[in-house]
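The values are calculated or read from the model by the stated rules, or taken from the named source; none is laboratory data. Just so it is clear, the model here is predicted, and its values are computed rather than measured. Cβ placement follows ideal geometry from the backbone for every residue including glycine, while neighbour counts extend to all protein chains displayed.
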Amino acid sequence: MIDPIASSPPSPVAGPPEPGEGGDGPAGLRPWRKPRRLPSGPLYAILRWGAAGFFAVLMIGLVVSIVSQSSQAFTHSGISFLWSGTWNPDAGDYAGGTLVVGTVLTTLVAMVLVVPVGLGISVSLSELTPRWLAGPLSTSIEFLAAVPSVVVGLWALLILSPVFATDVEPVLEGLPVLSWVFHGPAYGPSVLLASVVLAIMILPTVVALSRTALGGVPLSDREAAMALGATHWQVVRHTVLPGARSGIVAAVTLAVGRALGESIAVALVIGNRPAIPHSLLAPGATLGSAIVNEFAEASPGLGTSSVIALAAVLLLLTILVNVVGQLLIRVRNGRRLLGVRGAVV
Amino acid sequence: MKRHGEVTNPASNHSSDPRARVENRSGQLARESKLPADRLDPRTHGTGVTLDNVSITFGAHLAVRNVTLQMPARQVTALVGPSGCGKTSVLRAINRLHDHTGGAVRGTVRLGNLDVYGPDVQPEVLRSRIGMVFQRPNPFPTMSIFDNVISGLRFNGVRKKRLLREMGVAALHNAALWDIVKDRLDQPAVRLSGGQQQRLCIARALAIEPEVLLMDEPCSALDPVATAKIEDLIRHLSSEVTIALVTHNMFQAARVSDTVAVFLLGDDRIGELVEVGPTDGVFDTPSDARTKAYVTGHVG
Amino acid sequence: MSMLSSVQVALGGPMPDMGLVEVARRRAVVRDSARRSIRRRRMTGHAMQVICLIAVPIGLAPLVALLIATVAKGAGAVSIDFLTHAPTPSGVPGGGISTAIVGSGEIVAYAIALAVPLGLFIALFLFERPGGVASAIRFSADVLSGVPSIIVGIFAYAVFVERFHHVSNVAAGFALGVLMLPIMVRANEEAMRTVSIDLWEAGVSLGARRSRVARSVVLRGALPGVVTGNLLAVARAVGETAPLLFTVVSPAFAMTLLIFNDATEPFPDAQQTAWGTALVLLALVLILSVTARTVAWTLNRKTR
């Protein structure tokens, strides 16, 4: 899945397009007169409509094919495939419940790691660093998004995992308070490691979108706070951050969507044990990692269908989260345009 | 001056001489708030703003030069002139907003006796003495009406709820907004109309009890009815606060101000102060030829 | 909440000049509070700023570590031979990744052939016919860009492999094309928007055929953004692995698959190959990204 932020072009007029921006008439961020509807040459019209139609076919086809391929598994196990049972192909057990748990768990831990760091970075870049420094720094963070997931996975498996096994995990095991979360045995591949890898991969998304949200707070709000005697941090905390709240929520939501679907890097480091992990230091599995690991060896028919059923579940989850995120962004843009201040005159 | 343990005796205040009553009350308040009594009597007290040879530069571009101007205490001084002459820049120099816009201010700006750009001055504390109202109403969109009003107090560390309530209510009264919002103090501020929002911003500025109120074309985004209400408010407020009003509307300046300062663009496109004096004088019998041209509409 | 101050209440009712004295008292309260709290406020501010700033090296550290590791470990493997020789059976030293490079190139070529023209025309559609349909398409493109690449891979599998019963680079190219499409559409449309509407209408009023007008005026003006956006989308697609899992014959024919495969092999030789390929891949992605931004920058400067 491709990150729309890191790959958007630096447009000459404004920054890269945010998802949700653009659009017709008053809903778009740059209001422009509608071009008069002029009749176009027939070939040209066919091409345009054809392209749009093909796109619609693609979208619908995607959903249809996944659903139909997985129907065999669903008829076999019933709808409870979604939340119950264990995944054990050798024993003939096909159910996605534990994998959903694993997916949610890794995503949750990844968000716990990424949100503070990502917010801290975006506040730093947007408020606390001089302009000449913020530019290169944010370009570097965006470069992280361009690194292929398989390379991140390779590095995590061959370099990070041993470090975790020898240095990090023993320390965490020894922590007195959190032992119910961190307890052994731990030998490298683990839910925690996968979560860290996920966090690394979605950080640029969080940073980029949060920065946009922070930058969208109008200057006059900040100046009003300053004119009242607020310190720089007070301005940030009471004016900028609350003003960017909905944008940051949208950023986090979209990042969750991305984390849910990341499969390659996770598959390399999570240990592929499709059972509910008893601790963060134990190996586990997610929907994505299971699909990666199981597809090749799945027995045709029910086996393959079950793997594709996992994909269907993942698709459902991702679409839900992404729709919510996109709606949040559009609502934020819409409010900003109508004037969050309501009628001004 | 302050005597511990002194019991306030209401009876001693019922003298027939109003001034004596006030002075007695000053003494009482002085003991309560631990300040010298003469500081508490604002009839002899008030803070004016003095600019001495002020020039403001943005990068390589000189925006306005050699402004020498006195804004008398507890009066309305209007800064008029066409756009681009530096009126707003001069205004922002007073509360040091240029610290953040990259403008370099040369010359001396005084708030009363205090050199605003002096080495020991902390800008945040300075700004707690100066209120500002901007061109477009800008209430904080994520706060309720009342939270907006007391936001300045909170920024400055005032925490006692009783105090916040008291001062917030007083500010809303002073901005002639209380009756309109008293039933919806916790509604979002953005639901008010434009004119009401601007009065909310005025209330917000007044809540910190500034000595000087800077107003940057406060009515330019408003309709005539709202404008009239705010002009009323300005006249009323000037009995307690020194007001500096930037406006491009000469008639507004004539209606509202006691002193007017005319800014125009010099031949080299740099803003300068052309004439300053009592409003009637400047508009009826301007001394400078350029002022005359501006006032009669030949220029600007 | 009464307007009367507590002092007024204590003294039994409002007095004529009370207002001004009240003002003075309140003024004093605010001034004192401001002065007394400034140090605390500033210190809190500085502490929070430090906390935020610490996040920056924390966030950058993994990237730096990754880059250093890839260069350090990969440099040993990469050589002219590495790039030009085909792989040898596992366990046998020597050999390179030429097949993988060629294979990846072919796959990406198919993807470009699918996505670039489609992306252009869809963007033109969105640009010239705004309306409900366009909004729906735009929204679904945004949602599509969030669909995990592995699911797109399964889609490609269902369309091609199931039907034709053999894997192929075309199937892989299809999957990557579908992945690139939403990004390209977004970037193209945005680029077209920055072309002045007046230019478009002026061109039309000169009487040229509509399609010719659209092509010459809009596309020429939008060219920088279009090229940049498409290059960046390609850079991202080049790094995808999941779609290839289901559609490519063998890891020897795609770089990303090769890395994925060799990463899990216990042979140090295989791991070495993985690092080397990773370095090549990283360099490729870097070159594409930098080229994209340079193109945008130079073309922008020319048209300004």
*Report, ordered by the first and then the second residue, all pairs with beta carbons closer than 7 Å, sequence separation of six or more or different chains, a first member in the stretch B:286-300 that is closer than 13 Å to residue B:248 by Cβ, and a second member that is at pLDDT below 80.*
B:294/B:300
*Of all the helices (runs of 4 or more DSSP H) wholly in the stretch C:73-171, which have at least 3 residues that are under 30 Å from residue C:192 (Cα atoms) and aliphatic (A, V, I, L, M)?*
C:98-128, C:132-144
*Sort through A:156, A:213, A:224, A:230 and tell me the only one that's touching a helix residue (DSSP H, G or I) at 6+ places or on another chain (Cβ under 8 Å), within 27 Å of residue C:66 (Cβ to Cβ) and either at pLDDT 90 or above or crowded, with 19+ Cβ neighbours inside 10 Å (or both).*
A:156
*Residues of the stretch C:45-81 satisfying the condition of being in contact with a Pro (Cβ under 8 Å, 6 or more places away or on another chain) and basic (Lys, Arg)*: none
*Listed residues B:158, B:149, B:169; which is more than 7 Å from every other protein chain (Cβ to nearest Cβ) and more than 21 Å from residue A:245 (Cα to Cα)?*
B:149
_Among (1) without any contact (Cβ under 8 Å) to a residue 60 or more places away in the chain; (2) closer than 21 Å to residue B:84 by Cβ - the single one residue B:280 does not satisfy_ = (2)
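So is residue C:128 in contact (Cβ under 8 Å) with a residue 12 or more places away in the chain, facing another protein chain (nearest Cβ under 7 Å), over 23 Å from residue A:259 (Cα atoms) and crowded, with 24+ Cβ neighbours inside 10 Å or not? Steps first, answer last, please.
Numbers: in contact (Cβ under 8 Å) with a residue 12 or more places away in the chain: yes; facing another protein chain (nearest Cβ under 7 Å): yes; over 23 Å from residue A:259 (Cα atoms): yes; crowded, with 24+ Cβ neighbours inside 10 Å: no.
For residue C:128, the condition - in contact (Cβ under 8 Å) with a residue 12 or more places away in the chain, facing another protein chain (nearest Cβ under 7 Å), over 23 Å from residue A:259 (Cα atoms) and crowded, with 24+ Cβ neighbours inside 10 Å - is not met.
Please return the ranges of helices (runs of 4 or more DSSP H) entirely within the stretch A:241-320 where 3 or more residues are surrounded by fewer than 22 Cβ atoms within 10 Å (Cβ to Cβ).
Output list reads A:245-261.
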*With C:109, C:115, C:136 as the choices, which residue is on the phi < 0 side of the Ramachandran plot and modelled with pLDDT under 90?*
C:136
*Does residue A:243 satisfy being over 20 Å from residue A:148 (Cβ atoms) and within 7 Å of another protein chain (Cβ to nearest Cβ)?*
yes
*asked:* Restricting to the stretch B:172-192, name every residue that is among the polar types (S, T, N, Q) and either away from chain A (no Cβ under 14 Å) or closer than 12 Å to residue B:206 by Cβ (or both).
replied: B:174
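Would you say residue C:268 is more than 7 Å from chain A (Cβ to nearest Cβ) and either at pLDDT 90 or above or within 21 Å of residue A:272 (Cβ to Cβ) (or both)? Even if it seems obvious, please write down each step before you answer.
Working: more than 7 Å from chain A (Cβ to nearest Cβ): yes; either at pLDDT 90 or above or within 21 Å of residue A:272 (Cβ to Cβ) (or both): no.
Here the answer is no, as residue C:268 does not meet what is asked.
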*Would a scan of the stretch C:112-123 turn up a residue that is aliphatic (A, V, I, L, M), within 7 Å of chain A (Cβ to nearest Cβ) and within 26 Å of residue A:258 (Cβ to Cβ)?*
yes
